Amino acid sequence: MDCSTIEERSHTLRLILLSIALLLTYGQASAECLTRGTGDLGIIIERAAGSLKVIDRSARSELFHVEGLGDLSHASAVYSRDARYAYIFGRDGGLSKVDLLCGQLVKRVVQGGNSIGGAISQDGTLIAVSNYEPGGVKIFSAETLVLVANIPATQIANNKGSKTVGLVDATDQRFVYSLFDTGEIWVVDMLDPSQPKIDKFTDVGKQPYDGLISPDGRWYIAGLFGEDGLAMLDLWHPEKGIKRILSNYGKGQQKLPVYKMPHLEGWAMAGKNAFLPAVGLHEVLVVEQDSWQERGRIKVHSQPVFVIARPDGRQVWVNFAFPDNDVIQVIDTESLKIIKTLKPGKGALHMEFSPRGEEVWISVRDRDQVQIYDTRTLEQTGSLPVDKPSGIFFTSRAHQLGL
C-alpha cells in the first residue's frame, strides 16, 4: 500500500472522528429542541412565579416550562415573524427573548424601572418597549436585544420623563404611543434605525392612559383618564391632526368607582361596529366605526375589562373587574343580546381565541387553570393546570398588526 493511500484513509478517519465528536458535543443540546412547525404553539404567563408555559394548542399540552422572567404581574408578549421566538415585556422593565422550540430563555435585559408593554416592528427586526420609569421608549434589535434607539419622553417635574403607554406597531415601520403626563401622541418612523423620525401631536387631551390601533392599521385611538372622550389619529393622513370622538366615554366625568381601567387593546372590532367597555359602568358600548358615533349600549354583569371579538366577528366575549371577575358573558353581534353567561371561576383574567375561532382559552387565576371553550356550543371542552395564569398568547399573533 503506497503512502498516499494510507494518508487518504487517515484523513477520512480523522473526519469521521471529528463528526462523532461534534455529534457528542452538540447532539444532546439539539435533541432537546423540537423539530416542528410553530403555527399552533403559544405561551401562557404564570404571573406570580415569573415563568411561562410553552403549549401545543392542538394537543392541548405543555411542551416546556421557562423560568427566570422576573415580574410578570402585567406581562405582554409579541412574536418573531417565523413565530419561533417570543418577546416578553415584564413589569420590572425586563425584556426577555424565549425560544419556543427549545424551551429556553435566550436573553434577558432589564431596560427600565417599570415597563408596561411593547411591540415588534413591521419587518420583525426591532422590538420597542414603553416605560413608566424612566419614561420614554427604548428600541432593541430583535436578533440580539442590543439597544438601537433611546427616545426619552417629554420632561415633567424632577427631571422625570412622562409615562409612555399604548405602544403599538404600525405600517411603514412605525411605532405609535401616548404620553400620559403631558397629553401627547408620538409617531416614530424607524425606516432608518440610526435616525428615528418623530412626529409629535400635543392636542390630545388630558392623561391618555392606553391606546389601540385598528386591525387595518389606519386608526390609532387613545383613551383619556383625565377627561371624557377619546383622541383619534388617522395614520393614513396624520397631517389632519387629532380628532376627538365619543365625548361621553371615559373616566373624566365618571362618578362611579372604577375598579380597573379597561384595556383599549381589548376592544372588539366586529363588522361595522366597535364594542368597547364603558368605563366604570355595567355596559358595553356599541359604536359605528365609519362615523364613530354611539349606536347603543348593552347591559352586562359588571364593569367590563376586556371585550374580545371572535375572529369572524360573530360573537363578543366579555370579562369583568374585581370583585365580579368570576363571570364571562357572550354577546351576539347581530342581535346585540347576551346569549350565554359562563362562570369559569374567580380571576377570569384573559381570553385568547384560536386563529380560526373554533375555541377560546380563558385564564382562571384563582383556580390555577386555563379553561377551553367551544365557541359554537359555548360549552367547556378542556382545561390545563397552570400556576396563577394571566396572559395567553398564541403564535398567530406574529402575523397580526398591533398585537
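The values are calculated or read from the model by the stated rules, or taken from the named source; none is laboratory data. Keep in mind that this is a model prediction, so the values were computed, not measured. All Cβ positions, glycine included, derive from the backbone under ideal geometry; neighbour counts span all protein chains shown.
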field: Unmet criterion (only one of (1) under 17 Å from the mean Cα position of the chain (by Cα); (2) under 21 Å from residue 272 (Cβ atoms)) for residue 357
entry: (1)
- prompt: Just for the range 152-177: of the residues that are aliphatic (A, V, I, L, M) and surrounded by fewer than 20 Cβ atoms within 10 Å (Cβ to Cβ), which one is modelled with the highest pLDDT?
  reply: 156
query: Just for strands (runs of 3 or more DSSP E) wholly inside the range 29-99: which have at least 1 residues that are in contact with a His (Cβ under 8 Å, 6 or more places away or on another chain) and either surrounded by 22 or more Cβ atoms within 10 Å (Cβ to Cβ) or of a type in the set (A, V, I, L, M, F, W, C) (or both)?
result: 51-56
- prompt: What is the number of the single condition among (1) surrounded by 19 or more Cβ atoms within 10 Å (Cβ to Cβ); (2) over 24 Å from residue 400 (Cα atoms) that residue 133 does not meet?
  reply: (1)
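Please verify whether residue 397 is basic (Lys, Arg), closer than 15 Å to residue 43 by Cα and either loosely packed, with under 15 Cβ neighbours inside 10 Å or at pLDDT 95 or above (or both), treating the condition exactly as stated.
Considered against the rule, which asks whether it is basic (Lys, Arg), closer than 15 Å to residue 43 by Cα and either loosely packed, with under 15 Cβ neighbours inside 10 Å or at pLDDT 95 or above (or both), residue 397 comes out as yes.
Have a look at 371, 303, 329 and point out the one that is in contact (Cβ under 8 Å) with a residue 12 or more places away in the chain and more than 17 Å from residue 277 (Cα to Cα).
The match here is 371.
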statement: For strands (runs of 3 or more DSSP E) lying entirely in the range 167-248, having 2 or more residues that are in contact (Cβ under 8 Å) with a residue 24 or more places away in the chain and more than 25 Å from residue 286 (Cβ to Cβ) picks out 174-179, 184-189, 197-201
statement: Residue hits (the range 293-316; more than 20 Å from the chain's Cα centre (by Cα), in a strand (DSSP E or B) and buried (at least 23 other Cβ atoms within 10 Å of the Cβ)) are 315
query: So which residues in the range 261-292 are part of a strand (DSSP E or B) and either within 19 Å of residue 207 (Cβ to Cβ) or modelled with pLDDT of 85 or more (or both), if there are any at all?
result: 268, 273, 274, 275, 276, 277, 283, 284, 285, 286, 287, 288
message: Only one of 150, 131 is over 29 Å from residue 36 (Cα atoms), over 19 Å from the mean Cα position of the chain (by Cα) and part of a strand (DSSP E or B). Can you tell me which?
response: 150
- line: Only unsatisfied item for residue 382, checking (1) outside any strand (DSSP E or B); (2) surrounded by fewer than 16 Cβ atoms within 10 Å (Cβ to Cβ), is (1)
One residue from 356, 365 being at negative phi and touching a strand residue (DSSP E or B) at 6+ places or on another chain (Cβ under 7 Å): 365
In the range 311-360, residue modelled with the highest pLDDT [restricted to those that are of a type in the set (Gly, Ala, Ser) and more than 24 Å from residue 60 (Cβ to Cβ)]: 335
